[in-house]
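Each remark here refers to the structure printed beneath this line.
The values are calculated or read from the model by the stated rules, or taken from the named source; none is laboratory data. What you see is a predicted model, and the numbers here were worked out from it, not measured in a lab. Virtual Cβ from ideal backbone geometry, glycine too; neighbours counted across all protein chains shown. With ligands, DNA and RNA removed, areas are computed over all heavy atoms of the protein, side chains included. Shrake-Rupley method; radii C 1.70, N 1.55, O 1.52, S 1.80 Å.
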Amino acid sequence: MTATSYEYGPHHTYVDPYAFDGSAYGDFPIAPPHPPERLGIAIDPQDRRRLELHAALTAAGIPPLPEDREAIDRLSALPGNINDTIQRWLQHAL
């Protein structure tokens with residue numbers, strides 16, 4: 001008895017995500033943007049700190065509630081080194 005090996009499964013073929021139009025195979029997630037077509041927009045440091053704080057809280061098992069938004073916004077407005085310290089505290093709490 002011989003076994004057949006399939007790189008992508010017996011009924012699947014590789015589809016280049018940058019050439020994918022979605023019409024031939026049904027509904028699929030959106031393909032990632034083609035690297036040369038990505039926007040070169042920088043995120044505001046306060047917004048980055050806010051997103052990082054959300055992620056740190058969630059990773060520590062403290063998912064932010066909607067009513068926590070004001071506190072997170074105010075913490076994110078503080079200098080970056082203070083935000084880094086808060087995130088470090090949350091990481092050590094794990």
Since Ser23 meets every condition but one in (1) at pLDDT below 90; (2) assigned to a helix (DSSP H, G or I); (3) of a type outside the set (A, V, I, L, M), which condition does it not meet? (2)
Would you mention how many residues in region 71-94 are of a type outside the set (Asp, Glu) and either open to solvent by less than 90 Å² (accessible area, probe 1.4 Å) or touching a strand residue (DSSP E or B) at 6+ places or on another chain (Cβ under 7 Å) (or both)? 15
For region 60-70, which residues satisfy the criterion of being without any contact (Cβ under 8 Å) to a residue 24 or more places away in the chain and surrounded by 12 or more Cβ atoms within 10 Å (Cβ to Cβ)? Pro64, Asp68, Arg69
Kindly list, by first and then second residue, each pair from a residue in region 40-57 that is over 19 Å from Leu90 (Cα atoms) and assigned to a helix (DSSP H, G or I) to a residue that is acidic (Asp, Glu) and open to solvent by 70 Å² or more (accessible area, probe 1.4 Å), limited to pairs with Cβ atoms under 7 Å and residues at least 6 apart or on different chains. none
